[in-house]
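Participant: Have a look at this one before I ask anything.
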Amino acid sequence: MMKKSFIFLLVLTLAFSAFLVGCTPKDTTTDTPTDTPTDTPADTPADDTPTAPTSPTGQITIGNTTELSGDWAPYWQNNAADYDIWNFINGYSTVDMTFGGEYVINETVVEKHEVTENEDGSKTHAWTIKDGLVYNDGTPITAKDYVASVMFWSSPVVGEMAASNDYGYYFTGWKDFSTGAKKEFTGVRLIDDKTFAVTISAENLPYFYELPLASVAPTKLSFWTDDSVEIKDDGNGCYFSENFTKDAYEARISEARMSILFPSSGAYVVESYDEAAKTAVLQVNDKFAGDYTGQKPMIQTIIYKKVNQETSLDELATGSVDLLSGMASGDEINAGLDLVDKGGFAFTEYPRSGYGKLVFACDFGPTADVNVRQAIAHLLDRNDFAKAFTGGFGSVVNGPYGESMWFYQETKSQLNEKLNQYPYSLESAVKLLEEGGWIYDANGNEYKDGIRYKKLEDGTLMPLIIEWASTEQNAVSDLLVVKLQENPDVAAAGMQINQTVMTFTELLNYMYRDSSVDAKYGVPTYGMFNLATNYTPRYDLSTTYTTDPDMIKQGYNNNYIIDEKLEQLAKDMVLTDPTDRDGFKAKFVEFVDRWNELLPDVPLYSNMYHDFYNEKLQNYNINSLVEITQAILYSYVTE
């Protein structure tokens, strides 16, 4: 996640513009591709299309309403803008994904891949990497760099620093290694300079996405530590040299976390970052050998900058930015289509693999009560909200999924019949609150009007006041003020919602309770947040709803909901044979049914993304399956 869920699973975004994805398409011009994406975007130009360059040239400025924080590594946070930078500067995974969503061996990296089924039911994937791979500074990449990724990002050292340390979660011995119970990670082996192996534990097999599960990318360990920290393997699994401790390296790791001197194994290198302007400048990594097809970047310079929703399209029109990705609101999309009609600009649309939402903290305050969460859902007309925000380019969903996901589309009618739609109803909201014990006034008498209270076990009274954290310059937040916070029926139900506006980075810190940034964030403060989640084709929520106290302390389960049935259903979903699509779908329905009842989030909409861009950007073939970084890799510019 990205923080606190698997980083390849989802990223969180500001719930209004950049990197939100969607639903019902509008009739479009020929600028919008309608065919199923091919495995590799076609580079052969039409007669009237400029010829692609043979070497990197030109620049493009990407505008994003989600601001950069400079915290690129997605193990403490999972800001979608920061994650884009991370993907631009990281590469060479042993498994890559095509534009059609198929996971394949990355033959640019892998010389040999062997799979062994072990007697205990586990499965070992041995990888031999090719010679000649280097970081941008020329340092050779060896098998030890791949092992370093699993070891470092599974270590108790980073776990104690409030980072996600689940990189090797599915591998044998992860639990003992990640908690410090054992020094060796038995499921990770360093065989020689070119070969390493990872073993998926028997309890995690079969696994629906097995090939990407065994994928590993390189990490330059000395960047995070120094040259004295070593990884060794005496035959029982990899382990760190004794000098690798939190006391010795916490300061170094914290410094590296925010450094722009990040060693790159990807297509680009961060040249500069302006914290005040929230702008990063990236240059081509001339040492990059290419992705799984050997594709290398053809755009020399990328400027990635913060834009405001109100002025973003003006910036596109005037040339201040060249690409606006993931435009989500109806007002933005219609204004963008008007700009395209004037000439000089193009757009691509694609359905979203995720949803905008209200996120609840389910372990304290009023939102710990499922009746309160369900009452809030009844007090927001979600169909009206989705229509008002998306302008018809989206729809309401009733679980943690998006319109583009195949297993949702193939179970849609079943889910529509099975799930609670939470239709708008003050009567239903009041009934739920009364059933939940919110039946007192401030003096402990029978509730008549005003704010409701609930009597706790210690005899104290809790007011039905929801503390809501939202982000600045956020169209969804503004609409929630009108449609929810200031809705007279909210007050009539005996509820009060207090809004606190902050930056997106601050919101994530409070939601993650990230005390490593500041102690204040570690104190539960807000019971409700609004933002959004996007998923990759690997849909795995195994740790998203974990009940493991140690994992929750490290920041997993950002809803802080403790429900063993929900947790098990999430695990069962991926513990399915890769060939059993029907079994996966059936388990998905079971999971969503339970989720819909507990309602850790209120889904607001899933929508149709529109990317608007200057026509100088050519061969830009983004879709709902790939990151913008992959689409840019195959693009080029004409001046």
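Participant: Among Val157, Thr579, Ala52, whose Cα lies farthest out toward the positive end of the dipole of the chain, if unit charges sit on the beta carbon of Lys, Arg (+1) and Asp, Glu (-1)?
Facilitator: Val157
Participant: Which whole-number percentage describes the relative contact order of the chain, with Cα contacts under 8 Å and a sequence gap of 6 or more?
Facilitator: 23
Participant: Need one number for the chain: average projected area of the convex hull over its C-alpha atoms, nm².
Facilitator: For the chain, averaging the hull's shadow over all directions gives 27.8 nm².
Participant: Could you do me a favour and compute the accessible area per residue for the chain, 1.4 Å probe, result in Å²?
Facilitator: Using a 1.4 Å probe on heavy atoms only, each residue of the chain averages 37 Å².
Participant: What size of dipole, in debye to the nearest 20, comes out for the chain about its Cα centre when the only charges are +1 on Lys and Arg C-beta atoms and -1 on Asp and Glu C-beta atoms? Intermediate results must be reported in sequence, preceding the final value.
Facilitator: Values: 47 positive and 94 negative charges, 129 e Å.
For this selection, approximately 620 debye.
Participant: Let me ask something else about it. Once all Cα-Cα distances of region 412-469 are split into 5 Å bins that start at 0, what whole-number percent is in each one?
Facilitator: Result returned by the calculation: 4, 16, 20, 19, 14, 10, 8, 6, 4, 1.
Participant: Taking a ≥ b ≥ c as the square roots of the eigenvalues of the Cα gyration tensor of region 491-639, is the shape rounded (a/c under 1.5), prolate (a/b larger than b/c) or oblate?
Facilitator: oblate
Participant: How big is the dipole moment of region 137-197 about its Cα centre under a simple scheme where the beta carbon of each Lys and Arg is +1, that of each Asp and Glu is -1, and everything else is neutral? Debye, nearest 20, please.
Facilitator: 200
Participant: At a 1.4 Å probe, what is the % contribution of carbon and sulfur to the accessible area of region 316-471?
Facilitator: 45
Participant: Now a separate question. Taking amide H atoms as placed 1.01 Å from N in the peptide plane, list the residues 5 or more away in sequence, or in a different chain, whose amide H sits under 5 Å from that of Tyr355.
Facilitator: Here Thr533 satisfy the definition.
Participant: In the calculated pair distance distribution of region 119-201, what percentage of Cα-Cα distances lie above 18 Å?
Facilitator: 45
Participant: Give the lysines whose C-alpha is closer than 20 Å to that of Lys342, dropping any in the same chain fewer than 8 places away, or say none.
Facilitator: Lys342 reaches Lys26, Lys616.
Participant: Place +1 on the Cβ of every Lys and Arg and -1 on the Cβ of every Asp and Glu in region 184-319, take the dipole about the Cα centre, and give the residue among Ala317, Tyr207, Thr301 whose Cα lies farthest towards its positive end.
Facilitator: Going by the Cα projections, it comes out as Ala317.
Participant: Where Rh denotes the Kirkwood radius from the mean inverse Cα pair distance, what is Rg over Rh for region 267-425?
Facilitator: 1.06
Participant: Show me, for region 528-536, the HN-Hα J-couplings you get by feeding each phi into the Karplus relation (A = 6.51, B = -1.76, C = 1.60, θ = phi - 60°), rounded to Hz, glycine and proline as x.
Facilitator: Each residue's phi maps through the Karplus curve to give 8, 9, 10, 6, 8, 10, 10, 10, 8 Hz.
Participant: Distance cut-off 20 Å, Cα to Cα: go down the list Lys183/Lys232; Lys305/Lys483; Lys431/Lys455 and report the pairs above it.
Facilitator: From Lys183/Lys232; Lys305/Lys483; Lys431/Lys455, over 20 Å: Lys305/Lys483.
Participant: What residues have an amide H closer than 5 Å to that of Tyr207, excluding those fewer than 5 places away on the same chain, when H is modeled at 1.01 Å from N in the peptide plane?
Facilitator: Residues meeting the criterion, in which the H sits 1.01 Å from N, are Thr576.
Participant: Right, here's the next one. In region 188-241, what percent of the accessible surface is made up of carbon and sulfur (1.4 Å probe, ligands and nucleic acids excluded)?
Facilitator: Here carbon and sulfur together make up 43 percent of the probe-accessible area.
Participant: Here's something else I'd like to know. So which aspartates and glutamates pass the test for Lys520, namely a Cα distance under 18 Å, with those fewer than 8 places away in the same chain ruled out?
Facilitator: Partners found: Glu160, Asp363, Glu467, Glu506.
Participant: Still on this structure, I have one more. Can you tell me the relative contact order of region 519-597? Whole percent, Cα pairs under 8 Å, sequence separation 6 or more.
Facilitator: 24
Participant: Per-residue ellipticity at 222 nm for the chain, helices alone: DSSP H runs ≥ 4 residues times -39500 (n - 2.57), over residue total, nearest 500 deg cm²/dmol? Intermediate values should be presented prior to the final figure.
Facilitator: On the way: 21 runs with 169 residues, N = 639.
Taking each H run of at least 4 residues, the total per residue is -7000 deg cm²/dmol.
Participant: Using a simple charge model, +1 on the beta-carbon of Lys and Arg, -1 on the beta-carbon of Asp and Glu, nothing else, what dipole does region 117-268 show about its Cα centre, in debye to the nearest 20?
Facilitator: 260
Participant: Another question about this same structure. Could you pull out the GluC sites (Glu not before Pro) across region 380-466 that fall in loop regions by DSSP (anything but H, G, I, E, B) with no more than 10 other Cβ atoms inside 10 Å?
Facilitator: Glu457
Participant: Let me see the pair-distance distribution of region 227-353: every alpha carbon pair, 5 Å bin width, integer percents in order.
Facilitator: Pairs per bin, as whole percents: 2, 8, 12, 12, 12, 14, 14, 9, 5, 5, 4, 3, 1, 0.
Participant: Continuing with the same structure: Which whole-number percentage describes the relative contact order of region 133-265, with Cα contacts under 8 Å and a sequence gap of 6 or more?
Facilitator: RCO, region 133-265: 28 percent.
Participant: In addition: If you roll a 1.4 Å probe over region 102-155 with all protein chains in place, what percent of the accessible area is carbon or sulfur?
Facilitator: The nonpolar share, carbon plus sulfur, comes to 43 percent.
Participant: Could you list, in their original order, any pairs among Lys287/Lys585; Lys144/Lys246; Lys246/Lys454; Lys123/Lys553 whose Cα atoms are separated by more than 32 Å? Please list the in-between numbers first.
Facilitator: Working: Lys287/Lys585 43 Å; Lys144/Lys246 21 Å; Lys246/Lys454 44 Å; Lys123/Lys553 30 Å.
Cα-Cα > 32 Å for Lys287/Lys585; Lys246/Lys454; rest within.
Participant: Rg/Rh for region 474-540: what does it come to with C-alpha atoms and Rh from Kirkwood?
Facilitator: On the way: Rg = 14.9 Å, Rh = 14.1 Å.
Computed over Cα atoms, the ratio is 1.06.
The values are calculated or read from the model by the stated rules, or taken from the named source; none is laboratory data. In this text the structure is predicted, and so the values were computed from the model without any measurement. Because the Cβ atoms are built from the backbone with ideal geometry, glycine has one as well, and the counts that use them run over all protein chains shown. All accessible areas refer to the heavy atoms of the entire protein, side chains included, with ligands and DNA or RNA removed. Shrake-Rupley method; radii C 1.70, N 1.55, O 1.52, S 1.80 Å.
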